[in-house]
Amino acid sequence: MLCLISVDMVAQQKEKEIELLHLIIKDQSLLSILDSVILHEKECSYYDCELLFSITIKKVKNNLFVSIESQTDRNILLGLTPYGYYYHQNHLFLVNGDQCEDIFSTCGKKKVFSYLDYHHTGFQSKKEEKTIIYSFNNDSFSQWHYWYVKSKFVLEEKSTSCK
């Protein structure tokens with residue numbers, strides 16, 4: 001019985017593709033931040049060379065709130081529908097939220113990424129037309145939160161379960 005349920009849940013996952021813009025870091029001060037983030041992550045027990053990162057940018061009044069998070073599951077990050085990507089120190093960074101020409105510029109190239117969509121019918125409410133997304137927050141990965149004010153990154157907080 002357990003095997004049948006497991007097969008049914010895996011079968012409900014849907015393969016998807018997303019086309020993302022290749023981004024170039026325009027504000028070079030972000031590079032030193034990313035270097036320190038990667039250096040920190042290398043000390044964590046979950047670190048491996050395929051660790052991924054998400055950068056989320058949100059406009060708040062005249063400033064930007066920038067979150068950087070590590071993650072091991074590319075399906076989760078690609079399921080958040082990022083708009084762009086880039087590689088730094090051989091790690092994939094996916095960029096979500098508001099676009100900011102002060103931090104990133106696009107080079108015009110696009111790349112298709114494949115992933116498994118976890119928002120399958122097993123997670124949908126049968127009574128409603130809308131999909132209900134259940135977010136499973138895994139706080140074992142690190143997060144950094146910055147304000148981008150007057151072309152400078154200001155660290156608000158860092159959350160990590162390792163050193």
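The values are calculated or read from the model by the stated rules, or taken from the named source; none is laboratory data. Bear in mind the structure is a predicted one, so any value in this text is a computation, not a measurement. Neighbour counts run over all protein chains shown; Cβ positions are idealised from the backbone, glycine included.
Does Leu20 count as under 16 Å from the mean Cα position of the chain (by Cα), farther than 20 Å from Ser159 by Cβ and either modelled with pLDDT of 95 or more or of a type in the set (S, T, N, Q) (or both)?
For Leu20, the condition - under 16 Å from the mean Cα position of the chain (by Cα), farther than 20 Å from Ser159 by Cβ and either modelled with pLDDT of 95 or more or of a type in the set (S, T, N, Q) (or both) - is met.
Out of everything in the range 73-95 that is out of contact with any strand residue (DSSP E or B) (no Cβ under 7 Å at 6 or more places or on another chain) and under 23 Å from Tyr118 (Cβ atoms), what residue ends up being surrounded by the most Cβ atoms within 10 Å (Cβ to Cβ)?
Taking the candidates together, the pick is Ile76.
One residue is enough: does the range 99-106 have a residue meeting the conditions of a type in the set (Ser, Thr, Tyr) and either under 24 Å from Leu20 (Cβ atoms) or at pLDDT 90 or above (or both)?
Yes, some residue in the range 99-106 is of a type in the set (Ser, Thr, Tyr) and either under 24 Å from Leu20 (Cβ atoms) or at pLDDT 90 or above (or both).
Are any residues in the range 146-163 loosely packed, with under 10 Cβ neighbours inside 10 Å, within 16 Å of Glu69 (Cα to Cα) and polar (S, T, N, Q), and if so, which ones?
The answer is none; no residue qualifies.
Can you say whether Asn138 is at pLDDT below 90 and outside any strand (DSSP E or B), as far as the supplied structure shows?
yes
Taking the range 41-64, which residues are surrounded by 14 or more Cβ atoms within 10 Å (Cβ to Cβ) and either under 21 Å from Lys152 (Cα atoms) or touching a residue at least 12 places away in the same chain (Cβ under 8 Å) (or both)?
Those that are surrounded by 14 or more Cβ atoms within 10 Å (Cβ to Cβ) and either under 21 Å from Lys152 (Cα atoms) or touching a residue at least 12 places away in the same chain (Cβ under 8 Å) (or both): Glu41, Cys44, Tyr46, Leu51, Leu52, Phe53, Ser54, Ile55, Thr56, Ile57, Leu64.
Looking at the range 86-114, which of its residues are part of a strand (DSSP E or B), farther than 12 Å from Ile25 by Cβ and out of contact with any Ser or Thr (no Cβ under 6 Å at 6 or more places or on another chain)?
Passing the criteria: His91, Leu92, Gly108, Lys109, Lys110, Lys111, Val112, Phe113, Ser114.
Quick check on Ser67: is it in contact with a strand residue (DSSP E or B) (Cβ under 9 Å, 6 or more places away or on another chain), surrounded by 13 or more Cβ atoms within 10 Å (Cβ to Cβ), of a type in the set (S, T, N, Q) and modelled with pLDDT under 95?
Spelling it out, it is not the case that Ser67 is in contact with a strand residue (DSSP E or B) (Cβ under 9 Å, 6 or more places away or on another chain), surrounded by 13 or more Cβ atoms within 10 Å (Cβ to Cβ), of a type in the set (S, T, N, Q) and modelled with pLDDT under 95.
Is it the case that the range 24-35 has a residue that's buried (at least 18 other Cβ atoms within 10 Å of the Cβ), within 16 Å of the chain's Cα centre (by Cα), at pLDDT 95 or above and closer than 16 Å to Phe141 by Cα?
yes
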